[in-house]
Amino acid sequence: MTTTTSPRLDLSLDAVALTRAVCDMESVSGNEGALADAVAAALRGLPHLEVLRDGDAVVARTRLGRAERVVVAGHLDTVPVAANLPTWTEGEGDDLVVHGRGTVDMKGGIAVQLRVAATTPEPSRDVTWVFYDNEEVEGWRNGLGRLAREHPDWIQGDFAVLCEPTAGAVEGGCQGTMRVDITIPGVAAHSARAWMGHNAVHDAGHVLTRLQAYAPREVEVEGLLYREGLNAVGIRGGIAGNIVPDLCVVTVNYRFAPDRSVEDAESHLRDVFVGFDVTITDASPGARPGLDHPAAAAFVEVIGRPPAAKYGWTDVSRFSELGIPAVNYGPGDPSLAHRDDERVPAAQVLECERVLRAWLLS
């Protein structure tokens with residue numbers, strides 16, 4: 001009879017070795033079960049933590065009665081593997097680099113969370129550690145969103161850190177994002193008798209002209225500079241090579257600063273494209289930095305580097321919707337996320353571990 005055992009994580013490993021161990025447990029979105037099992041089992045071996053689980057999301061928290069509670073979170077899933085597992089290393093010492101899927105987005109951050117959770121049994125703040133599934137796919141599947149809907153008490157806190165890759169800098173809040181379809185009507189005709197129709201694709205030029213003339217805002221929010229963006233990201237129209245198109249759809253993505261709500265963003269886009277049929281297909285709010293919170297200020301002080309605005313949307317927005325100010329902080333260059341040559345400097349992983357522990361003990 002053959003028996004199988006679930007993979008195990010040794011939290012006594014240093015954060016670099018732990019990064020490799022976590023990455024080598026493949027967990028493409030929807031396949032996080034084995035890694036979630038290993039994370040839950042490892043954390044349940046720590047007497048100072050209460051461990052909870054919902055599907056493939058694992059929550060572990062201290063119960064020390066501290067004056068404030070902070071949440072430290074990260075997602076377990078990755079985008080699909082591209083012949084870049086198991087992990088491998090190059091260099092040595094301070095120049096050591098770990099290569100492989102998830103090293104940047106964001107299992108380096110997960111390893112830091114696990115290592116600090118294991119080695120900091122009496123932090124000065126109560127801590128809730130969150131490890132969740134399905135971040136890299138459709139928003140309705142997101143494990144943090146599921147926890148917020150079904151177990152909001154599990155992830156409550158005064159301040160949150162999302163260990164997304166930031167190359168070891170604090171990135172405050174995040175931009176909101178909205179996608180809209182702009183539909184341009186026409187009249188179909190045989191292309192040999194084009195004068196009998198009206199070309200919808202040609203009329204899309206009016207939409208593109210407005211985009212070319214558009215001047216994105218640069219706005220300061222709580223001391224951080226956010227640059228907005230409004231871009232056509234897709235265009236479709238026409239059904240055959242000999243028919244004048246009777247319909248064209250231009251898809252536009254708006255990245256907006258967190259001083260605007262989703263409703264503000266919608267109103268702005270309808271003003272920009274007045275006269276056109278505008279349909280919202282996707283929208284997520286941004287998040288203000290929240291750096292005026294005492295826990296956030298202490299975090300920035302420990303890092304010793306000025307914070308910057310987060311360009312892009314992250315799950316700090318979900319914390320913001322719960323009334324919890326949040327920042328992004330973790331190892332890895334975010335420009336390497338999802339690339340086949342994804343890699344993280346070992347020194348950056350160790351530095352993030354040091355900073356996170358020092359903050360929790362400060």
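A few remarks follow.
- Filter pass, VAL104 being outside any strand (DSSP E or B), more than 25 Å from GLU138 (Cβ to Cβ), assigned by TED's automatic domain parsing to the domain that holds GLY323 and of a type in the set (Val, Ile, Thr): no
- Lone unmet requirement of (1) in contact (Cβ under 8 Å) with a residue 12 or more places away in the chain; (2) in the same structural domain as VAL355 (by TED's automatic domain parsing); (3) surrounded by fewer than 19 Cβ atoms within 10 Å (Cβ to Cβ) for ILE280: (2)
- Filter result for LEU225 (surrounded by fewer than 20 Cβ atoms within 10 Å (Cβ to Cβ), in contact with a strand residue (DSSP E or B) (Cβ under 8 Å, 6 or more places away or on another chain) and in a helix (DSSP H, G or I)): no
- Subset of segment 193-204 that is surrounded by 14 or more Cβ atoms within 10 Å (Cβ to Cβ) and not aliphatic (A, V, I, L, M) - its residue that is farthest from CYS248 (Cα to Cα): GLY197
- Residue tally, condition of a type outside the set (Val, Ile, Thr), modelled with pLDDT under 95 and buried (at least 17 other Cβ atoms within 10 Å of the Cβ), over segment 323-333: 2
- For segment 100-147, filtering for residues that are under 23 Å from GLU342 (Cα atoms) and without any contact (Cβ under 8 Å) to a residue 40 or more places away in the chain leaves 1.
- With respect to the conditions (1) over 21 Å from the mean Cα position of the chain (by Cα); (2) in the same structural domain as THR183 (by TED's automatic domain parsing); (3) more than 30 Å from ARG193 (Cβ to Cβ), ALA298 lacks only one, and its number is (2).
- Residue that is of a type in the set (Asp, Glu) and closer than 30 Å to ARG305 by Cβ, where the choices are GLU164, GLU138, GLU150: GLU164
- Within the option set THR183, THR166, THR251, THR209, being hydroxyl-bearing (Ser, Thr, Tyr) and assigned by TED's automatic domain parsing to the domain that holds TRP129 holds for one residue only, THR166.
- ALA347 satisfies every condition listed in (1) under 16 Å from LEU144 (Cβ atoms); (2) surrounded by fewer than 22 Cβ atoms within 10 Å (Cβ to Cβ) except (1).
- Residue in segment 94-129 that is farthest from VAL161 (Cα to Cα), counting only those that are of a type in the set (Ser, Thr, Tyr) and buried (at least 20 other Cβ atoms within 10 Å of the Cβ): THR103
- Highlighted here are the strands (runs of 3 or more DSSP E) found entirely within segment 1-94 that include at least 3 residues which are under 19 Å from the mean Cα position of the chain (by Cα): 57-61, 69-75.
- Residue in segment 2-15 that is outside the structural domain of PRO334 (by TED's automatic domain parsing) and either of a type in the set (Lys, Arg) or touching a strand residue (DSSP E or B) at 6+ places or on another chain (Cβ under 7 Å) (or both) present: yes
- Residues considered: VAL302, VAL274. Of these, the only one that is under 24 Å from THR183 (Cα atoms) and of a type in the set (A, V, I, L, M) is VAL274.
- Those residues of segment 171-192 which are assigned to a loop (DSSP other than H, G, I, E, B) and either touching a Gly at 6+ places or on another chain (Cβ under 6 Å) or buried (at least 23 other Cβ atoms within 10 Å of the Cβ) (or both), in sequence order: GLY173, GLN175, ALA188
The values are calculated or read from the model by the stated rules, or taken from the named source; none is laboratory data. Since this is a predicted model, take the numbers as computed values, not measurements. In this analysis, Cβ positions are derived from the backbone assuming ideal geometry, glycine residues included, and neighbour counts consider all displayed protein chains.
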